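J.: I'd like to ask you about the structure that follows.
The values are calculated or read from the model by the stated rules, or taken from the named source; none is laboratory data. These numbers were taken from a predicted model, which means no experiment stands behind them. Here the Cβ positions follow ideal geometry from the backbone for every residue, glycine too, while neighbour counts run over all protein chains shown. Only protein heavy atoms, including side chains, enter the accessible area calculation; ligands, DNA and RNA are left aside. Shrake-Rupley method; radii C 1.70, N 1.55, O 1.52, S 1.80 Å.
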Amino acid sequence: MTVAFTSTLIDQIIKGRCPDFAQLMGMQRLGTTELRVNVFLPGVQAVDVVSSNGKRVLGPLQRLHAEGLFSGNFPGKKKQDYRLRLTYADSSVLQDDPYRHSPLLDSAELQLFSQGRHEQAWQLLGAHPRVVGDSEGVHFVLWAPLSRRVSVLLQRSHWDGRVHVMHHHAQHGLWELFVPGLQPEAHYKFELMDDQQRTTVLCYDPFARQVEPQPAFCSRVVAPHEYLWRDHFWQLQHSNQSSQGMPLALHELTIGENLVVPGVHWQQLAALLLPQIRQQGFTHLLLRDANACAIKSQQVQPALLAAVPGLGSCEALQTFVEEAHEQDLAVIWDLSLVALLGAHGLPLQLPLNIDLHTLGGPLASIILGCIGYWHQQLHIDGFRLRELDLLLSMPVGGKTAARGRRNTGTDNPFAREWLSQLLARIRDQFPSLLLLAETTVSWPELTLPASKGGLGFDYRMTAPVLPTPFIAHEVGLWLQQSLQLLQDGNRLQHLLSVAPVAGADPELQQLLMLALWSLPGRKHMRLDCQLTVGSNWQPESGHDWELRYATALCDARKTLLKELNFLYQGNPCLYELDATHEGINVLHCMPTIIAFERLARHGGDSMLVLINTADEACSDIRLRPAQAARYRLCCRGGSSNTALPDQLQPVNGDNTGTLSLSLPGRTAAVYTTTE
């Protein structure tokens, strides 16, 4: 591409507004007998074009502008290898020209990415050390489909976005540039310019493997490495294991300011956090990066592959996951779809006005690449996909779903089909992966497999709207309504998402926790922790941190939570029939007195749950469970000042198995059958 450097074009280059910058720079052919070399290097006083070994001078370049724009013609019939000798005020240096190298992405890879069939996008996007010909450097690739110009910002070029403008594959929305001479550990950012010539800096490359926290706020080039995993038994044990029919007690932890403190990294968190969670009886740990939300508010978009700036390297996180597996604890990662869009320079104004028909293919490749990286490279066991409502209401072909309308999953059939196909491919590639959906969509197909016309999520995360105010009468009404809903035919596979209510009555909260752990649904407890300095901490001895749960979880509730988790996992009747009304039999459902039993798939033991939310005791309660049997007390919650019978047995002479009992006020109890 050869053009005349008019005053208008020079002005565009100097101001960083030339959309064809990457095509103009480097060596160009002029006719059949002449070549031209164009470079833009601010701060350079003179430029000579030399041979690849630096021994032969091909000729000097003419300075077209004092800012650092140079150009010069040379005789030649075809492009040749060359280097640039740059002269500064006090030094001279030999440097390779990034625009000497043609784009490296081939058409087959570009097509796979655009069609949503690229299964390892994490090896395509980001910053990768490479050797091109005889030059070592770093290959940068970014997907930014709505940008007019994208530049790599480097420390050696003083973070100047006019210098390293990337090549554009307009049809695919991809930008790339090979920068020779750049080494691993180099810091970098991206600068995006839109059609209105407004610039945005992506401090964090969405596919960077490591990022630097405040105040640096930049990405870092990481050399390829192979981690020597030691969790082979875990991987073998869980490679073909389905979560259906298995207990699942999930502990959600937000990695925020309470945990990211100087001197504490993934290794320290593993030692402090994992034993506590496992001792509490949880089977899964869900990690959510709160820093992503915090830095997004500061116009620093989150990275998708580099977890939690400030907690250590990728290898440190791999060690954390490995230690979790050694303690028989699965690790789930939180994947925000809105963060994924924002990380690639897409607008996040609500409602999202992104054409899924045009961008759906690349988005599928990116999501598949993120999941593939976390699962294959970091051995993450599952993902929670958030903001599905926004995704399912995105426009197709420029048509946006009706505003103000609650998304029922039918606003955008194309989005629904697109997500179904994406999840089917994820299932084919990673059959053991646990997939959780956080959405208000409640149609049954959400948790059906794709082969049956569903999306293929394992569970939908259901956050119960707890009673307000948190008083006995309201808690009783809420439990009554929940039981009535559970009896309305088959239900979705879901997780009951619960968080301790700060300032709530301790007895009522224990009562509610026991009820929720007894109702159908896998268990999901949102429990944030904080690091505090230990009582024996001495400055000269280093950090002596203690990990404590949020104040909303007192000792009594923590003890009850541990009991409930182990009770839940040890009794198949509490989890085998979660998705069908056959798993629960409601015996008594009044605002103050609630009784129901949980049943296993093939008979056997059952669990009897009794709840009294009133302050007063209730006597002569008569219940008729599904099977005539004796029951023994195995767990209780609520008031600790009243006694409960250790055993329940049918009324004498009643062959139907009718039970007669009294239940103290503000008390909940679980009984199990005995032989």
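J.: Picking from H128, F470, P506, whose Cα lies most toward the positive end of the charge dipole for the chain (charges on Cβ: Lys, Arg +1; Asp, Glu -1)?
T.: Value computed over the given set: H128.
J.: Could you work out the local net charge near A450, counting Lys and Arg as +1, Asp and Glu as -1, over the other residues with Cβ closer than 15 Å to its Cβ?
T.: Values: positive: R416, R425, R427, K452; negative: E417, D428, E445, D458.
With Lys, Arg at +1 and Asp, Glu at -1, the net is 0.
J.: Per-residue counts of other Cβ atoms within 10 Å, averaged by peptide: what ranking do you get for 315-323, 129-137, highest first? Provide the component values of the computation, followed by the final result.
T.: Working: 315-323: 20.3, 129-137: 14.3.
Answer by packing, highest mean first, reads 315-323, 129-137.
J.: For K452, which aspartates and glutamates qualify as cross-link partners when the Cα separation must be under 20 Å and same-chain residues fewer than eight apart are set aside?
T.: Cross-link targets: E417, D428, D578.
J.: Let me ask another. Using a probe of 1.4 angstrom, how much of the accessible area of the chain is carbon and sulfur, in percent?
T.: Working: 14110 of 28850 Å².
The computed percentage sits at 49.
J.: List the pairs from K55/K77; K15/K77; K78/K189 whose alpha-carbon separation is above 30 Å, in the order I gave them. Walk me through the numbers on the way to the answer.
T.: On the way: K55/K77 21 Å; K15/K77 33 Å; K78/K189 35 Å.
Flagged as over cut-off: K15/K77; K78/K189.
J.: Gain in length, L633 to Q481, computed as 0.36 nm per residue apart minus the alpha-carbon separation, to one decimal in nm? Before the final figure, lay out each step's value.
T.: On the way: separation 152, 0.36 × 152 = 54.72 nm, distance 2.60 nm.
Net length gain for the segment: 52.1 nm.
J.: Under a point-charge model restricted to the Cβ atoms of Lys and Arg (+1) and Asp and Glu (-1), what is the dipole moment magnitude of the chain relative to its Cα centre, in debye to the nearest 20? Working shown, then result.
T.: Working: 54 positive and 64 negative charges, 360 e Å.
About 1720 debye.
J.: A further question follows. When the chain is fully extended, how far beyond the present Cα-Cα distance does L236 get from N53, taking 0.36 nm per residue of separation? Provide the component values of the computation, followed by the final result.
T.: Values: separation 183, 0.36 × 183 = 65.88 nm, distance 5.29 nm.
Full-extension gain reported as 60.6 nm.
J.: While we're on this one: Would you please put 514-525, 369-380 in order of how densely packed they are, using the mean number of other Cβ atoms within 10 angstrom per residue and starting with the highest? It would help to have the intermediate numbers written out before the result.
T.: Values: 514-525: 23.9, 369-380: 20.2.
Descending mean neighbour count gives 514-525, 369-380.
J.: Now, a different point. Going toward the positive end of the dipole of the chain, with +1 on Lys and Arg Cβ and -1 on Asp and Glu Cβ, which of L547, M27, S151 do you reach last?
T.: Final value for the positive-end residue is M27.
J.: Could you calculate the contour length gain from F566 to C589, that is, 0.36 nm times the residue separation minus the distance between their Cα atoms, to one decimal place in nm? Let's see the in-between values first.
T.: Working: separation 23, 0.36 × 23 = 8.28 nm, distance 2.65 nm.
Net length gain for the segment: 5.6 nm.
J.: Expressed as an acute angle from 0 to 90° and rounded to the nearest 10, what is the orientation of the C-alpha long axis of helix 472-486 relative to the principal long axis of the chain?
T.: 80
J.: Compute, for segment 1-74, the length of the dipole vector about the Cα centre, with Cβ point charges of +1 (Lys, Arg) and -1 (Asp, Glu) only. Units Debye, rounded to 20. Walk me through the numbers on the way to the answer.
T.: Values: 7 positive and 5 negative charges, 32 e Å.
In total the dipole reaches around 160 debye.
J.: From Cα pairs below 8 angstrom and at least 6 apart in sequence, can you work out the relative contact order of the chain, rounded to a whole percent?
T.: Values: 1399 pairs, mean separation 59.2, N = 675.
Worked out over the chain, it gives 9 percent.
J.: A further question follows. Need one value: the accessible area of D97 in square angstrom, 1.4 angstrom probe, rounded to the nearest 10.
T.: 10
J.: In addition: How would you rank 301-314, 58-71, 656-669, highest first, on the average number of other Cβ atoms within 10 Å across their residues? Walk me through the numbers on the way to the answer.
T.: On the way: 301-314: 22.5, 58-71: 17.1, 656-669: 19.7.
Put in order of decreasing packing, that is 301-314, 656-669, 58-71.
J.: How would you classify segment 561-675 from its alpha-carbon gyration tensor, with a ≥ b ≥ c the square roots of the eigenvalues: rounded for a/c under 1.5, else prolate if a/b is greater than b/c, otherwise oblate? Kindly include the intermediate steps, with their values, before the conclusion.
T.: Values: a/c = 1.56, a/b = 1.17, b/c = 1.33.
Taking the square roots of the gyration eigenvalues as a ≥ b ≥ c, segment 561-675 is oblate.
J.: For L340, what is the net charge nearby, where nearby means another residue's Cβ is under 11 Å from its Cβ and Lys, Arg count +1, Asp, Glu -1?
T.: Working: positive: R386; negative: E387.
Here the count lands on 0.
J.: For a test of the definition: using alpha carbon positions, the gyration tensor, and the 1.5 limit on a/c, classify segment 120-271 as rounded, prolate or oblate.
T.: Numbers: a/c = 1.85, a/b = 1.73, b/c = 1.07.
Judged from the Cα gyration tensor, segment 120-271 comes out prolate (a/c at least 1.5, a/b above b/c).
J.: With axes computed from alpha carbons, what is the tilt in degrees of helix 413-429 against the longest principal axis of the chain, rounded to the nearest 10 within 0 to 90?
T.: With rounding to tens, the tilt is 90 degrees.
J.: Rounded, prolate or oblate, given the Cα gyration tensor of the chain, with a/c below 1.5 counting as rounded? Mind dumping the intermediate values first?
T.: Details: a/c = 3.02, a/b = 2.40, b/c = 1.25.
Prolate.
J.: Expressed as an acute angle from 0 to 90° and rounded to the nearest 10, what is the orientation of the C-alpha long axis of helix 555-569 relative to the principal long axis of the chain?
T.: Helix 555-569 and the main axis of the chain meet at about 90 degrees.
J.: Same structure again: Tell me, what is the per residue accessible area of the chain in Å², probe radius 1.4 Å?
T.: On the way: 28850 Å² over 675 residues.
Value returned for the chain: 43 Å² of accessible area per residue.
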